[in-house]
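What follows is calculated from the coordinates using simple rules that are stated; it is not laboratory data. Model, not experiment: these values are computed from the prediction. Cβ coordinates were reconstructed from backbone atoms using ideal geometry, including for glycine residues, and neighbour counts include every protein chain displayed.
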Amino acid sequence: MKLSASLPIEVVKMAFDSIAAHKFRSTLTILGIVVGIVTAIVVASILTGMRQGIVSMVEEFGTNNIYVFHLSMGGASNNRDERNRKPLTDADANALLGQSTAIEDIALVNPGIGNFGPSFDDNMKYEGRNYRWANCDGVTTNYDRISNLSIREGRWLTEADNFQRRNVLVIGVDAREALFPNQNGSPIGKVVRMNGDTWEIVGVIEKRNSGFFGENEEDRKVFMPYRTSRKVAPLRDFLLMIVQGKQGQLTDAVSEIESVMRQRREVKYGEPSNFDIKTADAFIEQFDGIIGGVGLVAIAISCLGLLVGGIGVMNIMLVSVTERTKEIGIRKAIGATRSAIVFQFLLEAMTLTFFGGVIGIVLAIGISNLLMLLIPSMPAKVELWMILLSASVSVGVGLLFGVLPARKAARLDPIECLRYE
């Protein structure tokens, strides 16, 4: 008949008693586990939150939209040939509308007319207040519909504004707060100074619901009619096309855009395109590639911490086997099996690392909540899968690094153990 201590519940109790008897040593041992788990959860929560923000932002702008530009989108290029590419033209947009069957509409954007060179001064002034971060875009009148913009005050740009090249602006919420702070009245109809001329504000766009770290570029935007932007900044000839594909025909639209544009820009067969096409999915994939590198660094740091913690667990368990040699001999002499001994020491190792995982999870949740408290726009929410995965990994580390000490304890000769002093 086996000793009752060989029963799982008794072995679990003995494992907890052994850890409780060496609290300080056990705490030092699991520090590596704690650091690894905290790093993994905090970084994962931030990256996951950032990705959710990007996905929400892209979906809010329109999942059926295709962006066409003569330069690579999503990052600056140091390629001289790319910088020398000729910009897209209005005729390109007309050709796409005329030759494609999968395109619903196209919005034209003259982006950032004040950001390149001294040709346009986009510093807005009103009664002694300045808005120095006006990111002015010239847009066609269908831009609001294609990009799902909502108007908070006033109106959007009209065909008459565009045709007559009027000096009218639709501003974002950041510009409104900078130029008209704490003002109960509407800014609609107010006249501001920009680029040495007067401009009438005709509308204020609604703040976007989603953004990167709570910020959205369009909240800082100032929109003017497309033809007006060509008049006031004639040297700024960049053109971004936002192509709206027909429902369910996004892939066909992309293929048709590429085919028409390659033909118009005289790209030979086998040569890379001298323009860029991006869809919502492509932007998300590009972001995934960026955060993937950050995630790998975080995983490496976490693995280093878990490795240090695992080695510490193995070391303390080997010491524990030596300290309890006589106890092991007595247990074997009164009927404890090898499997019971292995189970006991493995359980001690897994319990030790599990405690480290629990402490790490609690600290990570606290740090994430603190980050969101101090920086409300920081997306650092800890999700359930992170907790479950971290707990499983911490237990797995104990299992992996506890095998050697457990096998050593199980192989001890009971007679030699009883003689051990």
With an 8 Å Cα cut-off and a minimum separation of 6 or more residues, compute the relative contact order for the chain in percent. 29
Could I have the simple spin-label model distance between Leu388 and Ala160, label points 7 Å from Cα toward Cβ, reported in nm to one decimal? 6.0
Would you please give the residues with an amide H less than 5 Å from that of Asp105, counting only those at least 5 places away or on a separate chain, with H modeled from the backbone geometry? Gln244
What is the angle, in °, between the Cα long axis of helix 31-61 and the longest principal axis of the Cα atoms in the chain? Nearest 10 is fine, range 0 to 90. 30
Between Gln52 and Asp17, what is 0.36 nm times their sequence separation minus the Cα-Cα distance? Round to one decimal in nm. 8.2 nm
Within straight-line cross-link reach of Lys190, aspartates and glutamates at Cα separation under 13 Å, skipping those fewer than 8 residues along the same chain: Glu127, Glu153, Glu200
Once the Cα atoms of helix 384-410 and of the chain are each reduced to a long axis, what angle between those two axes, in degrees from 0 to 90 to the nearest 10, is obtained? 30
Taking R0 as 45 Å, what's the FRET efficiency between Glu323 and Glu59 from their Cβ-Cβ distance, rounded to 0.05? 0.15
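Sort the following peptides by mean Cβ neighbour count (other Cβ atoms within 10 Å, averaged over residues), highest first: 136-142, 369-375. Working shown, then result.
Working: 136-142: 22.3, 369-375: 12.6.
Descending packing order for the listed peptides: 136-142, 369-375.
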At a 10 Å Cβ-Cβ cut-off, how would you order Val403, Val321, fewest neighbours first? Val403, Val321
With R₀ set to 41 angstrom, the calculated FRET efficiency between the beta-carbons of Arg83 and Val362, to the nearest 0.05, is 0.20
Computed E for Asp121/Ile301 - FRET, C-beta separation, R0 60 angstrom, nearest 0.05: 0.85
Pick out, from Ala178, Asn148, Val319, the residue whose Cα sits farthest towards the positive end of the charge dipole of the chain, with +1 on the Cβ of Lys and Arg and -1 on the Cβ of Asp and Glu. Val319
Would you mind computing, in nm to one decimal, how far apart the modelled labels at Arg411 and Asp252 are, each placed 7 Å from Cα along Cα→Cβ? 7.0
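Past the 30 Å Cα-Cα mark, which pairs from Lys86/Lys231; Lys13/Lys408; Lys125/Lys278? Spell out each step's value before the answer.
Values: Lys86/Lys231 20 Å; Lys13/Lys408 21 Å; Lys125/Lys278 36 Å.
Among Lys86/Lys231; Lys13/Lys408; Lys125/Lys278, the Cα-Cα distance tops 30 Å for Lys125/Lys278.
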Modelling each spin label as a point 7 Å along the Cα-to-Cβ direction, I'd like the Leu404/Asn209 distance in nm, to one decimal. 5.5
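Applying a 10 Å radius around every beta-carbon, put 346-353, 51-58 in order of their mean neighbour count, most first.
Numbers: 346-353: 25.2, 51-58: 17.6.
So the order, starting with the most tightly packed, is 346-353, 51-58.
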Tell me which residues come under 5 Å, amide H to amide H, from Val139 once H is placed; ignore anything under 5 positions away on its chain. Asn110, Met224, Tyr226
With n ≥ 4 as the cut-off for DSSP H runs, can you work out [θ] at 222 nm for the chain, using -39500 (n - 2.57) per run divided by the number of residues, rounded to the nearest 500? -17500 deg cm²/dmol
Tell me, in nm to one decimal, what length is gained between Ile284 and Glu153 on full extension, where the rule is 0.36 nm per residue of separation less the Cα-Cα distance? 44.0 nm
Using Cβ contacts closer than 10 Å as the measure, can you line up His22, His70 from fewest to most? His22, His70
By how many degrees, between 0 and 90 and to the nearest 10, does the Cα long axis of helix 338-374 differ from the longest principal axis of the chain? 30
